[in-house]
Amino acid sequence: MDFKAILESSYRETLRRYIENSSEEALYQGQMFSRKSIEQQISPEEIISIHCKALKDLFPEISPEILASFDFLIEFMMNYGLAYQEHLSLKDQQFEIKSEIEIAASIQETLLETPIPKLEEVDIGAISIPAKKMNGDFYRFVQDGNSISVAIADVIGKGIPAALCMSMMKYAMDSVANSRKNPNDVLTNLNRVVENNVDSNMFITMFYGIYDFVKHSFTYAAAGHEEGFYYHASSQSFEDIKTRGIVLGVEQNFTYEQYEKKVKPGDMIVLLSDGVTESRTENGFIERSVITDLIQSFMHLPAQEMVENIYRHIERLQNFELRDDFTLIILKRV
């Protein structure tokens, strides 16, 4: 007797016992039959065929209509089985991709991590929240003697390519340490790096500034980055930090302009990515005045608490669904 015949005989006997007394033992035998069938790679439609044959043997007078319904079920299960297997395969692939992205996001966070300086002369707060797993925004602080450099950048794009580009920018910035005294030179050098090493369809905006906390001067330049704000404590007013300069990676020999401001006690420098200014509510993009109003509302707090509270407020405005990476930095002269 071949295996299939043994399988049919075993199934018929198990089914007979279960129909006669609905015993737990018969149900257990059915479960064991199921496991053996899986081991032998018996398909669902073959199981239905075996069940149909067992019914014929046990109940010779069974209605032809009932038997016909099993033919329909076999056809149904053949298509269902193929679709189900494909579904499981895609689900496994998605899980694998998700796991790899989570690992990549963790690595990116470690690579781009930068401590927020603690200084007596200036209070600094920073927050950067990705809209997805991977962050297309980037900020970095470097303290050097009596000054602190601050960079904020945004890749025009999302996902893993943008995240890889940000990681490259971090190391590119470390390689131009000799030009760090002049923000325009930093951007000029980084522009060459991006133009030579990044895909022509991907661009990067950046704001780079140097705060001298002895002279209390702020020197800066920008490459197509979102305008920040400067808060004048004396007049309790804001102005946009206007700059000129194209995004990195467009024109290799572009020269960036440099600007300087004297920072008075209580003044604030506010840097951000377009994920802040382009936050979208049911009524469209928020006005820049909403951001300055929030800054004024929380300016009694330390800088770090300010940026965190502003983020939470804007997050609520968007129903807790960020549409773009959110980066906000505040430097406040004490």
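Counting only residues that are part of a strand (DSSP E or B) and in contact (Cβ under 8 Å) with a residue 60 or more places away in the chain, how many does the stretch 139-150 have?
Going through the stretch 139-150 one residue at a time, the tally reaches 5.
Only one residue in ASP185, ASP174 is surrounded by fewer than 19 Cβ atoms within 10 Å (Cβ to Cβ), part of a helix (DSSP H, G or I) and either modelled with pLDDT of 90 or more or among the aliphatic types (A, V, I, L, M) (or both). Which one?
ASP185
Filter the stretch 228-255 down to the residues that are assigned to a loop (DSSP other than H, G, I, E, B) and either crowded, with 18+ Cβ neighbours inside 10 Å or over 33 Å from the mean Cα position of the chain (by Cα) (or both) and list them by number.
Those that are assigned to a loop (DSSP other than H, G, I, E, B) and either crowded, with 18+ Cβ neighbours inside 10 Å or over 33 Å from the mean Cα position of the chain (by Cα) (or both): ALA233, SER234, SER235, GLN236, THR243, GLY245, VAL247, GLY249, ASN253, THR255.
What are the residue pairs meeting all of these: first residue in the stretch 233-247, first residue under 12 Å from TYR220 (Cβ atoms), second residue small (Gly, Ala, Ser) and surrounded by 12 or more Cβ atoms within 10 Å (Cβ to Cβ), Cβ atoms under 7 Å, and 6 or more apart or on different chains?
Every condition considered, the pairs that remain are ILE241/GLY228; THR243/ALA221; THR243/ALA222; GLY245/ALA221; GLY245/ALA222; GLY245/ALA223; GLY245/GLY224.
State yes or no: is VAL263 in contact with a Leu (Cβ under 6 Å, 6 or more places away or on another chain) and crowded, with 20+ Cβ neighbours inside 10 Å?
no
Looking at (1) in contact with a helix residue (DSSP H, G or I) (Cβ under 6 Å, 6 or more places away or on another chain); (2) modelled with pLDDT under 95; (3) on the phi < 0 side of the Ramachandran plot, which one does GLY249 not meet, given that it meets all the others?
With respect to (1) in contact with a helix residue (DSSP H, G or I) (Cβ under 6 Å, 6 or more places away or on another chain); (2) modelled with pLDDT under 95; (3) on the phi < 0 side of the Ramachandran plot, GLY249 is out only on (3).
Please state which one of GLU260, GLU278 is touching a residue at least 12 places away in the same chain (Cβ under 8 Å) and in contact with a Ser or Thr (Cβ under 9 Å, 6 or more places away or on another chain).
Of GLU260, GLU278, the one residue that is touching a residue at least 12 places away in the same chain (Cβ under 8 Å) and in contact with a Ser or Thr (Cβ under 9 Å, 6 or more places away or on another chain) is GLU260.
The values are calculated or read from the model by the stated rules, or taken from the named source; none is laboratory data. In this text the structure is predicted, and so the values were computed from the model without any measurement. Quick reminder, even Gly has a Cβ in these numbers, built from the backbone with ideal geometry, and neighbours come from all protein chains shown.
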